[in-house]
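Read through the structure below, which is laid out as structure tokens, and then see the notes.
The values are calculated or read from the model by the stated rules, or taken from the named source; none is laboratory data. Here the structure is a predicted model, which means the values were calculated and not measured. Here the Cβ positions follow ideal geometry from the backbone for every residue, glycine too, while neighbour counts run over all protein chains shown. What goes into the accessible areas is simple: the full protein's heavy atoms, side chains included, and nothing from ligands, DNA or RNA. Shrake-Rupley method; radii C 1.70, N 1.55, O 1.52, S 1.80 Å.
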Amino acid sequence: MGGQETNGVADAIDFPPQTEDIGLAKAVPSTGGPTLLKEVIGEKVRDAIPDEKEKCDTQVEPQPQEGVAQIEKEDNDQRFGSQPTVTLNSGRKIPLLGTGTASFPIPPIEDLKNAILDAMEVGYRHFDSAALYQSEEGLGVAIAEALEKGLIKSRDELFITTKLWCNNACPERVLPAIHESLRKLRLEYVDLYLIHFPVRLKEVILDTTCEKDDILPLDMKSTWEAMEEVHKIGLAKSIGVSNFTCKKLTDLLAHAKIPPAVNQVEMHPVWQQQKLRDFCIEKGIHVSAYSPLGAKEWGFDVVLGNALINDIARAKGKSVAQIALRWGFEQGVSLIPKSFNKGRLKQNFAILDWQLTEEELQQIGTIPQKRVATIPEFIFPDGMFKSPEEFWDGEM
Ligand code: A2P
């Protein structure tokens, strides 16, 4: 496969026909989850608001980048039917509405498979997984069964993301790690491969339960070169990062021959990531919003419990989750809310045939901001990251 062709983003947004609106006036509360890492993912887009969409379409022109191979032109335009998509700087399209597969404690493969098949039946085609979540195997089984049942005709109808865990964040371990992920996914390639965190951990650390000495210096340049190799040999159609600040992206871009296509970060109305999104737009990096419902998986209710969002939801006859997701959608980011409940999967998908008013958007813009997923597991007062501020380069 060819390399990524530009460092620009050519947004081509397709809008699907009206989705079933199940019109929930109130969010269905969930039991939340333990405080383990939960995963979840800008350009400016406003559906049905021509001037904003036009802005988006013209915002970042693809610019040829010296030394970067031209991507093979594949027929990647029709892959996702009428789903809204944007085109990444790799030339590949990403569906804006996806779903997460992280759940802690790790569910049985059968439960995961059933949730993914439910999501495919609802219409989801973009699935976010990670080595950390141990969800690749269940996703692989679900994809195989979806093909067998005819739920999808071809693997190409899916956009599959997985991530390099921190224990493999060194150059010689990247290729074996993607091969292992592909084996579990039963796939020949992923659509997107991300460095999960700008952190390297000792090889034996398979999750976030680590001691300070388990955190090692990350050689970003050589690790990214290995990621570029993964892309060049066709194992990942696009490569990117997750949990990168503006500072870390700047460091990465200084070395990268292939710029990251995506930065997947926590983003929701209570942590809107305006600075990072502006930076990413400037650099042609698509933002994908994880925890778009507010890191609910960690047991917080900062979004679904937010009074203003609840008021807007009541006034519009939508669920609180739908307001949060629609807000994210109108920012032009891709969204990967996790749900293993078919009703909520449908609810989260039904955000395309209505919109927030200017006033509602302005109101949401006034919500006090707070990073929820601070990832305390990596912070040690005498370790490499002494405080959340240090870990997040002050972008709190
Ligand atoms: P469940 O899987 O039982 O639906 P996030 O992606 O922001 O981390 O949020 C995921 C959490 O939010 C999960 O606990 C999920 O539980 C719950 N959730 C997903 N969709 C909704 C919804 N529409 N309303 C309320 N909770 C939701």
Completion exercise
accessible surface per residue for segment 222-333, probe 1.4 Å, DNA/RNA/ligands not counted, whole Å² -> 26 Å²
Completion exercise
Normalised per residue, the volume inside the convex hull of the alpha-carbon atoms of segment 277-332 in Å³ amounts to 86 Å³
Exercise for the section: Beta carbons within 10 angstrom, averaged per residue: use that to sort the peptides 271-282, 240-251, 325-336, highest first. Expected result: 325-336, 240-251, 271-282
Completion exercise
Relative to the compact-globule estimate 2.2 N^0.38 Å (N residues), the Cα gyration radius of segment 137-231 stands at a ratio of 1.22
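Set the bar at 18 Å for Cα to Cα. Now go through Lys221/Lys247; Lys318/Lys346; Lys212/Lys370 and name every pair that lies beyond it. Please report the intermediate quantities before stating the final value.
Working: Lys221/Lys247 14 Å; Lys318/Lys346 13 Å; Lys212/Lys370 25 Å.
Check vs 18 Å cut-off fails for Lys212/Lys370.
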Practice task
Averaging over all projection directions, find the projected area of the Cα convex hull of segment 113-156 and quote it in nm² with one decimal place.
Solution key: 2.9 nm²
Problem - Along principal axes, Cα extents of segment 216-353, largest first, whole Å - result: 50, 31, 29
Fill in the blank from the handout: The percentage of the accessible area of segment 318-373 (probe 1.4 Å, all protein chains present) made up of carbon and sulfur atoms, to the nearest whole number, is 47 percent
Exercise for the section: For segment 214-340, build the charge dipole from Cβ charges (+1 Lys, Arg; -1 Asp, Glu) around the Cα centre, then report which of Leu253, Leu276, Trp327 sits farthest towards its positive end. Expected result: Trp327
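How big is segment 252-313 by the Kirkwood estimate over distinct Cα pairs, in Å? List each step's numbers first, then the result.
Numbers: mean 1/r = 0.0761 Å⁻¹.
Here the Kirkwood hydrodynamic radius works out to 13.1 Å.
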